[in-house]
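Asker: My questions will all concern the structure given below.
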Amino acid sequence: MDRGAPKELKNDIKNLKKGESVFSRKGQVLIQVWGEKRNVKLISTLRTAKIVESAKTNRKGEKICRPEVIRDYNKHMRGVDRANQMLHYYPCSRKTVKWAKKLVFFLLQMAVLNSFILFKKYTTTEKYKKRNYKFKDFILDCVEKMTEQNKQCGEGEQSRNEVDDESIASDSSAVTPPPATLRRPPVKDPENRLEGGLKVHKMVHVPPSNNKKNGAMRKCRVCAKHKIRKETSVMCASCGVALCKLSCFNVYHTKKNY
């Protein structure tokens with residue numbers, strides 16, 4: 001704005017009051033400054049410096065006057081500003097990230113915002129139609145749905161479905177009654193062992209075999225893979241695999257390479 005602007009215009013800006021306007025034109029380029037709480041600087045090649053009335057009124061009931069450029073901007077660019085505003089609430093890009101990654105993150109974030117707008121427009125559920133269902137809530141719901149199934153954790157990471165070892169050991173209700181019959185454990189790992197979390201995979205006691213009163217013992221699948229001989233009386237009711245009651249049960253159902 002300062003580069004190439006007339007000196008007279010710069011001097012007039014210093015004493016500009018709210019509701020006043022100063023402008024300068026060079027060829028088709030119009031430079032206009034509108035006095036508000038902070039001066040609004042405008043550049044246009046289409047409009048004049050004309051002041052027009054808007055449909056809004058102030059506290060006294062008087063119609064608010066604005067430059068023609070501001071009226072057109074609010075009319076045609078409001079949606080763009082609103083989108084940028086919502087994106088800046090929850091930014092995912094960082095200054096240290098390279099421009100290619102920033103572009104990918106921006107496109108991903110824009111896709112989520114467009115999905116939120118369409119979802120709010122076409123949803124028939126009253127819960128989501130309410131005004132208090134915000135863009136943040138939509139993002140959290142998307143993340144929860146995408147991580148709910150097929151969740152895999154790397155080394156040192158915990159699943160959100162994971163139960164603390166101490167709570168499992170102290171809570172006797174964590175282990176459900178055993179099945180009536182004892183089946184042979186599968187040779188290969190079941191395909192659904194990483195799906196559903198602990199809501200699907202329940203711990204049960206290995207049922208007794210050969211009419212024995214006491215429960216049977218089996219080798220822990222996780223310990224056996226690490227060449228550790230350890231027997232356990234707990235198994236997964238869904239997978240049919242024997243696992244140690246503490247850490248091995250969580251590791252088996254949350255890590256691809258256990």
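Asker: Take every Cα-Cα pair in segment 99-148 and report what % of them are more than 12 Å apart.
Answerer: Of all Cα-Cα pairs in segment 99-148, 68 percent lie more than 12 Å apart.
Asker: If you don't mind, there's one more thing I want to ask. Determine ³J(HN,Hα), in whole Hz, for all residues of segment 9-20 in sequence, where each value follows from phi through the Karplus function 6.51 cos²θ - 1.76 cosθ + 1.60 and θ = phi - 60°; x replaces Gly and Pro.
Answerer: Karplus-based 3J(HN,Hα) across segment 9-20 equals 5, 5, 6, 5, 5, 4, 9, 6, 9, 5, x, 9 Hz.
Asker: Take the Cβ-Cβ distance between GLU20 and LYS102 as r, set R0 to 41 Å, and report the resulting FRET efficiency rounded to the nearest 0.05.
Answerer: For R0 = 41 Å, the calculated efficiency reads 0.55.
Asker: Ratio to report: Rg/Rh of segment 7-77, with Cα atoms as the point set and Rh obtained by the Kirkwood method; give two decimals.
Answerer: Taking Rg over the Kirkwood Rh, I get 0.98.
Asker: Provide the gained length on full extension for the span ASN132 to LEU9, in nm with one decimal, where the gain is 0.36 nm per separating residue minus the Cα-Cα distance.
Answerer: That pair, ASN132 and LEU9, stretches by 39.7 nm at full extension.
Asker: Label ALA55 and TYR122 with points 7 Å out from Cα along Cα→Cβ: what is the distance between them in nm?
Answerer: According to this spin-label approximation, the distance is 2.8 nm.
Asker: If you count, for each residue, the other Cβ atoms within 10 Å and average over each peptide, how do 228-238, 46-56 line up from highest to lowest?
Answerer: In decreasing order of mean packing, 228-238, 46-56 become 228-238, 46-56.
Read-outs throughout are calculated quantities, based only on the coordinates presented, and are distinct from any laboratory measurement. As the structure is a prediction and not an experimental result, all values here were calculated from the model. Heads up, the Cβs are rebuilt from the backbone with ideal geometry, glycines too, and the neighbour counts pull from every protein chain shown.
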